[in-house]
1. Kindly check whether there is at least one residue in region 23-44 that is open to solvent by less than 80 Å² (accessible area, probe 1.4 Å), over 18 Å from LEU113 (Cα atoms) and aromatic (Phe, Trp, Tyr).
2. Does VAL144 qualify as being under 21 Å from ARG53 (Cα atoms) and among the β-branched types (Val, Ile, Thr)?
3. Those residues that are buried (at least 17 other Cβ atoms within 10 Å of the Cβ) and not aromatic (Phe, Trp, Tyr), I need them from region 53-73; list them, please.
4. Out of ALA76, ALA88, which single residue is of a type in the set (A, V, I, L, M, F, W, C), open to solvent by less than 30 Å² (accessible area, probe 1.4 Å), within 22 Å of ILE150 (Cβ to Cβ) and touching a Pro at 6+ places or on another chain (Cβ under 7 Å)?
5. Do you know which of the residues in region 45-91 that are of a type in the set (A, V, I, L, M, F, W, C), modelled with pLDDT under 90 and not in a helix (DSSP H, G or I) is nearest to LEU19 (Cα to Cα)?
6. Can you find, within region 122-166, the residue that is least open to solvent (accessible area, probe 1.4 Å) among those that are touching a residue at least 40 places away in the same chain (Cβ under 8 Å) and not in a helix (DSSP H, G or I)?
7. Between residues in region 13-36 that are over 11 Å from ALA76 (Cα atoms) and residues that are surrounded by 10 or more Cβ atoms within 10 Å (Cβ to Cβ) and among the β-branched types (Val, Ile, Thr), which pairs lie under 9 Å by C-beta distance while being six or more apart or on different chains?
8. Restricting attention to region 102-121, which residues are surrounded by 14 or more Cβ atoms within 10 Å (Cβ to Cβ) and either in contact (Cβ under 8 Å) with a residue 24 or more places away in the chain or in contact with a Leu (Cβ under 6 Å, 6 or more places away or on another chain) (or both)?
Amino acid sequence: MQTLSNLRRKSPNALALSLLLVAIIIYEMLSTAFLFLPPLMGVIFTYLVEKRREAEKLLSGVAMPWFATFALLIFAEQLHGFVLFSSAISYLLFYNIFYEWVVINFKARIIQLAIFNATTYISTYSISNIVLYVLDRELLRYSVEYVYFIIAECLLCLFIFKESKI
């Protein structure tokens, strides 16, 4: 009986998360049609970094929403023309190699968020081009859109992650 009451209490949160996930997927689809909408890859990347760091501080594993968000990052990369798993590789490289260095050397929150967002696009773009070069396919072209996406998503991250501590 107690399990049933726990399920009822958690149900609105699960419903809200499901609706948020559906809304983000619809937004991602719209961002492919409307070029002025940033793909939110930097925001998703920043969320993944912060939730993993929080899980490490609490000595717990990452929760199921983290994995869904990771899948959303891969979905977004595919919609916007990057090579499959290039954002996953860039996330793993960044978090395991550069994250501690960024947090130690840059104390200002805005700089950290800017680095997270810039890293998302620069490393995903670079890894995609390396894979395409190895496969002898046409490389991705650099465009000013990436700079716009970095700036727009950095501002968005300031509003979303302003209270969180890394």
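1. Within region 23-44 (the criterion being open to solvent by less than 80 Å² (accessible area, probe 1.4 Å), over 18 Å from LEU113 (Cα atoms) and aromatic (Phe, Trp, Tyr)), the answer is yes, since at least one residue qualifies.
2. On the way: under 21 Å from ARG53 (Cα atoms): no; among the β-branched types (Val, Ile, Thr): yes.
Criteria not met by VAL144.
3. ARG53, THR69, LEU72, LEU73 - these are the residues of region 53-73 that are buried (at least 17 other Cβ atoms within 10 Å of the Cβ) and not aromatic (Phe, Trp, Tyr).
4. ALA76
5. First, pick out the residues of region 45-91 that are of a type in the set (A, V, I, L, M, F, W, C): 45, 48-49, 55, 58-59, 62-64, 66-68, 70-76, 79, 82-85, 88-89.
The next check asks that each one be modelled with pLDDT under 90; those that pass are 55, 58-59, 62-64, 66-68.
Subset that is not in a helix (DSSP H, G or I): 58-59, 62-63.
Numbers: LEU58: 28, LEU59: 29, VAL62: 21, ALA63: 18 Å.
Here the answer is ALA63.
6. PHE161
7. LEU21/THR69
8. VAL103, ARG109, GLN112, LEU113, ALA114, PHE116, ASN117, ALA118, THR119, THR120, TYR121
The values are calculated or read from the model by the stated rules, or taken from the named source; none is laboratory data. Computed from a predicted model, the values in this text were never measured in an experiment. Here the Cβ is made from the backbone with ideal geometry for all residues, glycine too, and neighbour counts use every protein chain on show. The area values use the complete protein model at the heavy-atom level, side chains included, leaving out ligands, DNA and RNA. Shrake-Rupley method; radii C 1.70, N 1.55, O 1.52, S 1.80 Å.
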